[in-house]
Amino acid sequence: MGFQKPPGTQDFLPGSVERWQFVESKARDICRRFNFREIRTPIIEATELFQRGVGEATDIVEKEMYTFTDRGNRSITLRPEGTAGAVRAFVENKLYGEPDLTKLYYIGPMFRYERQQAGRYRQFHQFGVEALGAVDPALDAEVIGLGYMFYKEIGLSGVTVEINSVGTPAVRAAFRGELLGFLNPIRGLLCKDCQARIDRNPLRVLDCKEDQHLFEGAPSILDSLDEESRTHFEGLQRSLTDMDIPFTINSRLVRGLDYYTHTAFEYKAAGIGAIDTVGGGGRYNGLVADIGGPDQPGVGLGLGLERAVLLLEAQGVELENLNGVDVYLVALGEAAERELTKVLQQLRLRGIAAERDYQGRKMKAQMKSADRLQVRYTAILGDDELAKGEIALKDMTSGEQRFVPLDRLADEILG
């Protein structure tokens, strides 16, 4: 039997991987403009990091983590999300000692054992940012704005922003009793997942996609916010309005991680089966202290890159030629073939993407290969042209062909 990829994973092949390179390059460029710097953390971490950081009563920790015992008898987990590892690195490397705000971003694979469906994989990829060291709600708005700009600049339409405040731990503790008073009478009508989580994490029940019809008249946490939480939420809304970022308030939005305080937000978009959430995040003022660091506030987001790529395809977004080959070289004659090797190397040294034939094909087949690569130019070198020190350069868009000095080919292509 031949080998196959594990369930819930993908091969990214030439022809499709270029879309990934496109969205990743956009993410990096936007982070540069927002002054976020890249961080690369291990794919594996101590299991306890996620138990303490993400929360033991979350679906991620209870059901979805890939956890194993290594040869040193340590419990190790493939990272299911990026924030806990980034914050662990922030604490371990004492980045909190820097005088300025710490602004980090990452791009990489995450792992969750989930039911497979469109837009949901067991190995998936996230683009995430974390900003640590400030409580200003304008920073929350900046993070939301960064994600919104990402979706806009890769060419997607119809992406919306939903926000909520989940208050402080004290606010949630007070709201818990009121919420249980509403949920307990309908406990038997709830789905199995909600029945299992109602006593441990009742706020998550309100986020259930299956039971929304049962929550008409449910209490809103927004009515229970203290002055600190209300002031923060109002400041967030002002900043988003000032940035011309449209948003709606969804009082049932809580996200699936325990570390959020104050701001929670999601990006929504239709077009990926039953899934409409394409990214999200929030503020986590207690997380750094929870995993052993100083009491530093933070806010971040995580965007699913699979979902971004699927949306590009679903919306039929036409991207520029992502192959990026500038010129295809064709040799006619033995002396020209030998010279072509030198020319190819010289072009590449000048930063030009260049390709040639290595299969001994006729000129017609080579020109078809150039068409498939969607090159800007073809350059044809025969023995007669070589003797004259020139080469035929053809513009594949206009069809114009001219002879140029061989030693100036790179300059002509670079314009």
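The values are calculated or read from the model by the stated rules, or taken from the named source; none is laboratory data. What you see is a predicted model; the values in this text were computed from it and never measured. As a convention, Cβ positions derive from the backbone with ideal geometry for all residues, glycine included, and neighbour counts pool all protein chains shown. For the accessible areas, the whole protein counts, side chains as well, though only heavy atoms, and no ligand, DNA or RNA atoms are used. Shrake-Rupley method; radii C 1.70, N 1.55, O 1.52, S 1.80 Å.
The table below lists the values:
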{"quantity": "Whichever residue in region 200-214 is part of a loop (DSSP other than H, G, I, E, B) and surrounded by fewer than 16 Cβ atoms within 10 Å (Cβ to Cβ) and, among such residues, is farthest from the chain's Cα centre (by Cα)", "calculated": "Arg200"}
{"quantity": "Positions within region 324-345 being surrounded by fewer than 15 Cβ atoms within 10 Å (Cβ to Cβ) and within 39 Å of the chain's Cα centre (by Cα), in sequence order", "calculated": "Gly324, Gln345"}
{"quantity": "Residue ID - most open to solvent (accessible area, probe 1.4 Å), chosen from residues in region 22-54 that are among the acidic types (Asp, Glu) and in a helix (DSSP H, G or I)", "calculated": "Glu48"}
{"quantity": "Spans of strands (runs of 3 or more DSSP E) in region 292-378 with at least 3 residues among the aliphatic types (A, V, I, L, M)", "calculated": "298-304, 327-332"}
{"quantity": "Candidates Ala289, Ala308, filtered to the one that is open to solvent by 30 Å² or more (accessible area, probe 1.4 Å) and aliphatic (A, V, I, L, M)", "calculated": "Ala289"}
{"quantity": "Filtered residues of region 215-247 (kept if open to solvent by 60 Å² or more (accessible area, probe 1.4 Å) and part of a helix (DSSP H, G or I))", "calculated": "Asp223, Glu227, Glu228, Arg230, Thr231, Glu234, Arg238, Thr241, Asp242"}
{"quantity": "Matching entry among Ile76, Ile60, Ile44, Ile39 (being more than 15 Å from the chain's Cα centre (by Cα) and within 30 Å of Met149 (Cα to Cα))", "calculated": "Ile60"}
{"quantity": "Failed criterion for Ala270 (all others in (1) buried (at least 18 other Cβ atoms within 10 Å of the Cβ); (2) in a strand (DSSP E or B); (3) on the phi < 0 side of the Ramachandran plot hold)", "calculated": "(1)"}
{"quantity": "Matching residues in region 261-285 - criterion: being within 18 Å of Val299 (Cβ to Cβ) and touching a helix residue (DSSP H, G or I) at 6+ places or on another chain (Cβ under 9 Å)", "calculated": "Thr261, His262, Thr263, Phe265, Tyr267, Gly279, Gly280, Gly281, Gly282, Arg283, Tyr284"}
{"quantity": "Counted residues, region 8-21 - those being of a type in the set (Phe, Trp, Tyr) and assigned to a helix (DSSP H, G or I)", "calculated": "1"}
{"quantity": "All positions within region 10-60 that are under 22 Å from Lys103 (Cβ atoms), of a type in the set (Lys, Arg) and either in contact with a helix residue (DSSP H, G or I) (Cβ under 8 Å, 6 or more places away or on another chain) or at pLDDT below 95 (or both)", "calculated": "Lys26, Arg37"}
{"quantity": "Residue in region 93-122 that is modelled with the lowest pLDDT, counting only those that are among the acidic types (Asp, Glu) and closer than 24 Å to Asp140 by Cα", "calculated": "Glu98"}
{"quantity": "Pairs with Cβ under 9 Å, 6+ apart, first in region 188-199 and under 12 Å from Leu214 (Cα atoms) and open to solvent by 60 Å² or more (accessible area, probe 1.4 Å), second at pLDDT 80 or above and among the charged types (D, E, K, R)", "calculated": "Leu189/Asp211"}
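Here is a yes/no grid of residues against (1) over 22 Å from Lys103 (Cα atoms); (2) open to solvent by less than 40 Å² (accessible area, probe 1.4 Å); (3) touching a Ser or Thr at 6+ places or on another chain (Cβ under 8 Å); (4) of a type outside the set (Val, Ile, Thr):
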{"position": "Ile249", "(1), (2), (3), (4)": "yes, no, no, no"}
{"position": "Tyr259", "(1), (2), (3), (4)": "no, yes, yes, yes"}
{"position": "His262", "(1), (2), (3), (4)": "no, yes, yes, yes"}
{"position": "Asp276", "(1), (2), (3), (4)": "yes, no, no, yes"}
{"position": "Arg283", "(1), (2), (3), (4)": "no, yes, yes, yes"}
